[in-house]
Amino acid sequence: MIEKIKNILSSQEILDRSFKKAKKKQINDRNALYKKKKTIIAQTESFSMSVCSILDSYTKNFPSINNLSVFYQELIDIKIDVNKLRKSLGAINWASNTCKKIYAKQSYFLKKSGKIEFLKQKQNEIYGRISSVVNQIEKDLIFLIQAQKIINKFPDIVDIPTVVISGFPNVGKSSLLKSLSKSKPKTAQYPFTTKEVSVGHIEKKQNFINKRIQLIDTPGLLDSPISEKNEIEKQAIAALSHLADLIIYIFDLSETCGYLIEDQKKLLIMIENLFDESKIIPIENKADIFKSKSKHLKISNKTGEGIENLKKEILEFFNF
Ligand SMILES: Nc1nc2c(ncn2[C@@H]2O[C@H](COP(=O)(O)OP(=O)(O)O)[C@@H](O)[C@H]2O)c(=O)[nH]1
Ligand SMILES: [Mg+2]
């Protein structure tokens, strides 16, 4: 699972927010001169700290690419230049450290002096220098904002035992996902494609621990020959191949799906080649209207026939 990233601000927004915060700082003192001096110091400190803490929160909260599952790393790789992402995060870290140094060095003069004019001049100098550093990383912030938008849209797919459902359109993939899932499958946008992905779960209590198997249906990705896919779809399939421990390939031998058995067999061979590290279980759906004499498991989403057996086979595969 990938943590949602909080809103990232542009340079101008970071500065505006920090100035606004600083302006609110007013220090009281019976001595008018002290009051002014302390207020200038407090406002300058507030401004500098606000800028640094905003920047630090970005480097701290952005998910570390190396800690993500291979699946997410590959998805990120499709659309986001990961090297650029690392560089941008580095630039933001640099900016925060530089701002801290500027404040540390200049605030020393601020605290020493008693002349209001000098204080104001120093304050403006600090504001100016920090603003200039923040403006220098505008491009990096914009890049992070784009990356954030992409990452936040990722489907909720985790690194647990995973079954991917495949087969031509209308063979019964979505129906099977519903038949097998404990609760209603959730759908989310599949990154960078116009497709949606549906995720469901099989759960089993074992020694008081709830063990979960993730079931994924990726309409449009594993339901037609690879030659019809665009580059992004091919990469999305490659990312999926890291995730799928087990693939259920659905045949509809009644051909009510609108695809010939011959073509369905060809698609299975393509899936076997693409997912050469996953186990593949071919099953035959719509057993309520057509049953072959093959050895494949036969199921029907309509009558529920074979669903429990399939579930058992899945659980056995994962040693649950
Ligand atoms: N008779 C029968 N129809 C089914 C069965 N499973 C699915 N269908 C029907 O087949 C059509 C396509 O099913 P769907 O799950 O949407 O297929 P998908 O495109 O592979 O996700 C729908 O009209 C379903 O009601 C089944 O076991 N028996
Ligand atoms: Mg479907």
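Any read-out appearing in this document is the output of simple, stated calculations on the displayed coordinates, not a laboratory observation. From a predicted model like this one, the values you see are computed outputs, not experimental measurements. Ideal geometry is used to build each Cβ from the backbone, glycine not excepted, and the neighbour counts take in all protein chains shown.
Annotations for the structure displayed:
- Relative contact order (%) - criterion: Cα under 8 Å, at least six apart; region: the stretch 201-269: 20
- Straight Cα distances below 23 angstrom link K291 to the lysines K173, K178, K265, K266, K302, K311, K312, with same-chain residues fewer than 8 positions distant left out.
- Distance between the pseudo-spin-label points of M270 and T256 (7 Å out from Cα toward the beta carbon): 2.5 nm.
- For the stretch 153-208 versus the stretch 229-249, the gap between their alpha-carbon centres in whole angstrom: 14
- Net lengthening on full extension, Y108/E13 (0.36 nm per residue, minus Cα-Cα): 31.4 nm
- Using equal-weight Cα scatterers in the Debye expression, the normalised intensity of the stretch 162-317 in log10 at q = 0.11, 0.13, 0.17, 0.21 Å⁻¹ is -0.41, -0.57, -1.00, -1.51.
- Relative contact order of the chain, defined on C-alpha pairs under 8 angstrom at six or more residues apart (%): 16
- Other residues lying with their Cβ under 13 Å from the Cβ of K205 contribute a combined charge of +3, Lys and Arg counting +1, Asp and Glu -1.
- Most fluctuating residue given options T303, T44, T162, as computed from a GNM of the chain linking Cα atoms under 10 Å: T303
- Evaluated over the Cα positions of the stretch 61-198, the convex hull gives a direction-averaged projected area, one quarter of its surface, of 12.4 nm².
- Segment K6-Q26, extension gain: residue separation times 0.36 nm, minus the distance between their alpha carbons: 4.2 nm
- Over the residues of the chain, the helix contribution to mean residue ellipticity at 222 nm works out to -17500 deg cm²/dmol, using -39500 (n - 2.57) for each DSSP H run of at least 4.
- When each of the peptides 129-136, 266-273 is scored by the mean number of other C-beta atoms lying within 10 Å of its residues, the order from highest to lowest reads 129-136, 266-273.
- FRET efficiency for E138 and K186, using Cβ-Cβ distance with R0 set to 45 Å, rounded to 0.05: 0.75
- Using a simple spin-label model with pseudo-atoms 7 Å out from Cα toward Cβ, V82 and T303 lie 4.9 nm apart.
- By average C-beta atoms within 10 angstrom, highest first, the peptides 153-159, 259-265: 153-159, 259-265
- The Cα-based radius of gyration of the chain, divided by its Kirkwood radius, gives an Rg/Rh of 1.22.
- Using a Förster distance of 56 Å, the FRET efficiency for N66-Q121 (Cβ separation, nearest 0.05): 0.75
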